[in-house]
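The values are calculated or read from the model by the stated rules, or taken from the named source; none is laboratory data. Note that the structure is a prediction, hence the values are computed from the model and not measured. Backbone-built Cβ (ideal geometry, glycine too); neighbour counts: all protein chains shown. The area values use the complete protein model at the heavy-atom level, side chains included, leaving out ligands, DNA and RNA. Shrake-Rupley method; radii C 1.70, N 1.55, O 1.52, S 1.80 Å.
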Amino acid sequence: KAGFTNLIQSELKNPAESKEESGQAGSMKTLAAEQEKHNQFNQVFRLTEEEIASIKNEMKAETEKDLISEMVEIFYSFLQVEKEELFFLEMIELLVGNTAHLLEEGDFIQVEKIVRLFILLKEQIPPLPEAHLASLDRTIDALGKSEYLDKIEKPINTLDDKHLSSLCQFLGMLNSSSVPSIINLLGKAKVRKTRKALSDILVEFGKKDITPILDRLQGGEWFVIRNLVQIIGQIGNVQAVESLKKLIQYPDDRVRKEVLLTLIGVGKENEKAKGMILLFLNDRDVALRRQALQVIQVHQYEKAFPILMKMIVEVDFSSREEDEKHLIFSAIGKLGKPDLIPMLKEYLKPSFFFWIKRRQKEERALCAVYALKQMETPQAAVLLTEAKRHSYKTVGDFASKALVEIQRAKERRELKNKNEPR
């Protein structure tokens, strides 16, 4: 009843008054709304220190979010189940475009993530359709070509350990067709740890197929050739021996040194490699000649004996350095035959060739002692005992020293045999 009465009274009011009252009511509502909003505004920003710290942490996490990783995860979710070949290929191409940009920027951490996505897709179970797998193979092949890997040339010498590790992971996931491009990168790498990392990758590829590495021995900068020879040595593939033969006369000594070291490594079980080591006996670098002589002596390359015997009668033998002459005679003694004794006995005679100067006679006698020391035979011991009384004191002293060393070596062998379990 009260409500009905109020309704009638409001209808009977002056329209102007009603409008005025309505305006006043509206103003009051607006004022109340603004006051409420103001109160809400003040309440929202009255935060505790813990709440402020929490908001800052959330903002930091948002700014540090790895958007590329999120993108890769989203693409992986789609590609795992995508049946349409055209759409699958379009998404792969989009990822490859991003990869090319990241390679130029040197962001190999992200590159590794994208390429690993391709590998995961290739290996997933149940497998993708054949057409999808073929697309992935073509994509990985393409990333190993110079078109893409040449983009690494600029940032390759400024990598920290983390990005270098990711680069190695990325390159290791490529196909063997990428080997020539990786060798090109090896030529651009100026930082030692980067060259080492690239070499290790090439070693792994070379264990599966060494042919691309051997093909690059044909030409290029000397330091690239040297690195490739080192890689061949680490692989230890005897198939590489023939390819190394043409490098024995390489102009740079450092390359020839690596060739010799590699031949020594594979020569233990390869006669062709042993034969090539003998070619270093005439190398123009005396250090390489010495190294070859030491190997021949230690491993007793019998085929070297006639070569060494020919060397000691050649005209230029006298011009060789003393230590090289001693190494030659030590090798002769190690490989020696019983018929060497008469020749060495003549070398020990002070009156050997009266027209030869004393210094040369003394040198010949010392060379004979070097050979006798390595023979370790009763006949050699007899000659050394006689040489202790040599008229040249240097020869006598060295003969005495040689006999002592021979006796000690004999005692060590006897002790070793005694301690070995039977």
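Each residue in the range 117-174 was checked for being over 17 Å from Val96 (Cβ atoms) and basic (Lys, Arg), and 2 pass.
Scanning the range 388-422 for residues that are out of contact with any Gly (no Cβ under 7 Å at 6 or more places or on another chain), of a type outside the set (Ser, Thr, Tyr), open to solvent by less than 70 Å² (accessible area, probe 1.4 Å) and not in a helix (DSSP H, G or I) yields a count of 0. Counting only residues that are among the aliphatic types (A, V, I, L, M) and either surrounded by fewer than 18 Cβ atoms within 10 Å (Cβ to Cβ) or over 17 Å from Ala189 (Cβ atoms) (or both), the range 204-225 holds 3 of them. Highlighted here are the helices (runs of 4 or more DSSP H) found entirely within the range 79-191 that include at least 1 residues which are charged (D, E, K, R), open to solvent by 50 Å² or more (accessible area, probe 1.4 Å) and in contact (Cβ under 8 Å) with a residue 40 or more places away in the chain: 85-105, 108-123, 161-172. In the range 228-238, the qualifying residues are those that are open to solvent by 10 Å² or more (accessible area, probe 1.4 Å) and within 14 Å of the chain's Cα centre (by Cα), and the one that is nearest to Lys151 (Cα to Cα) is Gln230.
Between Leu279, Leu260, the distinction of being out of contact with any Lys or Arg (no Cβ under 7 Å at 6 or more places or on another chain), open to solvent by 50 Å² or more (accessible area, probe 1.4 Å) and closer than 25 Å to Ser319 by Cβ belongs to Leu279 only.
Test Leu47 against the criterion of being modelled with pLDDT of 65 or more, in contact with a helix residue (DSSP H, G or I) (Cβ under 8 Å, 6 or more places away or on another chain), part of a helix (DSSP H, G or I) and of a type outside the set (Val, Ile, Thr), and give yes or no.
no
So which residues in the range 203-261 are in a helix (DSSP H, G or I) and acidic (Asp, Glu)? Listed by number, the residues that qualify are Glu204, Asp215, Glu242, Asp253, Glu258.
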